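The values are calculated or read from the model by the stated rules, or taken from the named source; none is laboratory data. Note that the coordinates shown come from a computational prediction; the quantities given were computed from them, not determined experimentally. Neighbour counts run over all protein chains shown; Cβ positions are idealised from the backbone, glycine included. Each accessible area value is taken on the protein alone, full model and side chains, heavy atoms only, with ligands, DNA and RNA left out. Shrake-Rupley method; radii C 1.70, N 1.55, O 1.52, S 1.80 Å.
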Amino acid sequence: MKIYFLSAIPCALTLNGVYFGLTDRFERFAEIHLADKIFAEFIPENAQPIRFFITERLPSVPPQGCEVYLLPDGLAVFARDFPPLPAPLTVIAQARFPQGLVTVFSQGGVQVSIENSFGLFTSYLPPSFSVCELTYHEGLFFLKGQNCLAVYTQKGRQVLLEEVLSFEIENGELKAVLPLSDCLGRNANCVWAIDEEGCIQKSCTLTQARTHGGDGNEADILKELLPYAFFESVLIGADFTPFLSNELQTKAGALTAFLGEFKAVVPTDDPFVCRLIYQKQERLFEARDFKVCVEKDKITDVTG
């Protein structure tokens with residue numbers, strides 16, 4: 001079986017103690033028989049290693065600290081949560097509000113602590129919160145990191161974690177500009193209704209930072225970019241109907257039901273085939289390929 005190895009931070013990868021190469025977010029793969037029980041080890045520079053045996057359980061039971069992706073041509077193992085090295089606690093930001101004490105600190109990894117009458121709650125944050133500002137709005141705690149935003153309830157529940165270019169809070173609404181990871185240079189202008197229970201997305205519209213000719217309308221997007229732009233629009237809840245032919249627009253509801261609830265879009269070597277990522281259980285995902293037919297700059301069919 002072909003197994004791809006990736007890691008959230010650069011690592012030395014060994015298989016049965018033999019150095020295999022460096023891993024990061026670009027995959028490295030090997031042909032491995034699960035019955036051989038190969039011992040894999042991701043060794044980072046500034047954290048503790050992740051170690052596990054590759055067995056028949058791998059497609060259904062992800063190793064601790066890893067995510068497993070079921071691919072059409074094999075498996076992908078993404079080492080993400082490395083145990084931190086022992087380190088002193090360093091406070092990054094702290095603010096006391098009438099609703100509780102919020103502390104962002106580093107101790108092996110960046111964490112947030114919320115302490116109030118409901119209890120004491122802690123959770124990990126991405127490294128981008130190593131610089132952080134704390135505010136309180138509409139019953140929620142807002143953590144602003146480096147081009148990122150996290151929102152927590154008073155009971156310590158994370159209700160939003162997004163990469164953002166900017167955001168503002170007004171009249172019970174959170175408005176944020178999110179950068180998209182496509183090659184069109186597009187942003188998403190999203191609006192959430194907020195209260196002490198959390199965030200509910202109300203709208204999401206797209207803006208394009210650069211165009212490929214014309215006046216910047218969706219019809220000006222290169223034919224090869226349409227499939228990815230379409231799937232990403234479905235993912236974030238934006239209006240995707242401008243990408244569709246007139247006939248397919250009448251089936252927009254059935255089309256979203258056909259695609260289901262996916263978590264990410266990944267381009268492939270074929271610009272008209274995109275890989276959608278579905279979550280099966282905690283840390284276990286399935287990748288499915290969908291093919292798009294494009295005629296006269298409109299999508300006429302989607303098959304999977």
Inset, instruction - Can you list which of the trypsin sites (Lys or Arg not before Pro) found in the stretch 256-293 are DSSP loop residues with at most 14 other C-beta atoms within 10 Å? - result: 263
Legend entry - Extension gain (nm, one decimal) between residue 146 and residue 247, 0.36 nm per residue minus Cα-Cα: 32.0 nm
Inset, instruction - Provide the per-residue ³J(HN,Hα) series for the stretch 107-117, in order, calculated from phi with Karplus coefficients 6.51, -1.76, 1.60 and θ = phi - 60°, each as a whole number of Hz, with x at glycine and proline positions. - result: 8, x, x, 7, 9, 10, 10, 10, 10, 7, 5
Inset, instruction - Amide H neighbours of residue 203 under 5 Å, at least 5 residues apart or on other chains, H built in the peptide plane: list them. - result: 191
Legend entry - Rounded FRET efficiency, nearest 0.05, which uses the C-beta distance separating residue 161 from residue 61 and R0 of 30 Å: 0.70
Legend entry - Neighbour-limited loop hits for chymotrypsin sites (Phe, Trp or Tyr not before Pro), the stretch 1-103 (at most 12 other Cβ within 10 Å; DSSP other than H, G, I, E, B): 26
Legend entry - Exposure rule at most 11 other beta-carbon atoms within 10 Å, DSSP loop GluC sites (Glu not before Pro): the chain longest free segment: 57-195
Inset, instruction - Would you grab the residues whose amide H sits under 5 Å from the one on residue 294? Only those 5+ places off in sequence or on another chain, please, with H modelled 1.01 Å from N. - result: 300
Inset, instruction - Apply 1/(1 + (r/R0)^6) to the Cβ-Cβ distance of residue 273 and residue 2, taking R0 = 25 Å, and write down the FRET efficiency to the nearest 0.05. - result: 0.90
Legend entry - Accessible carbon and sulfur surface of the chain relative to its total accessible area, %, 1.4 Å: 51
Legend entry - Cα principal axis extents for the stretch 87-214, largest first, Å: 56, 35, 16
Legend entry - Relative contact order for the stretch 252-304, counting Cα pairs under 8 Å that sit 6 or more residues apart, in percent: 22
Inset, instruction - Return the sequence-ordered ³J(HN,Hα) values of the stretch 39-50 in whole Hz as given by the Karplus equation 6.51 cos²θ - 1.76 cosθ + 1.60 applied to θ = phi - 60°, using x for Gly and Pro. - result: 8, 10, 9, 9, 10, x, 7, 10, 7, 7, x, 10
Inset, instruction - Quick one: which residues, 5 or more positions from residue 92 or on another chain, have an amide H under 5 Å from its amide H? H modelled 1.01 Å from N in the peptide plane, none for Pro or chain starts. - result: 104, 105, 106
Legend entry - Compactness of the stretch 66-140 - radius of gyration and Dmax, Cα, Å: 16.6, 54
Legend entry - Estimated FRET transfer efficiency (residue 31, residue 293; beta-carbon r; R0 45 Å; 0.05): 0.85
Legend entry - Within the chain, helix-based [θ] at 222 nm, where runs of 4 or more DSSP H residues each add -39,500 (n - 2.57), nearest 500: -2000 deg cm²/dmol
Inset, instruction - Return P(r) of the stretch 246-289 (all Cα-Cα pairs; 10 Å bins starting at 0; whole %; ordered from short to long distances). - result: 25, 42, 29, 4
Legend entry - Neighbourhood net charge (10 Å Cβ-Cβ; Lys/Arg +1, Asp/Glu -1) for residue 167: 0
Inset, instruction - Compute the accessible area per residue over the stretch 1-128, keeping the other protein chains in place, probe 1.4 Å, unit Å². - result: 55
Legend entry - Quotient of Cα Rg and 2.2 N^0.38 Å for the chain, N being how many residues it contains: 1.13
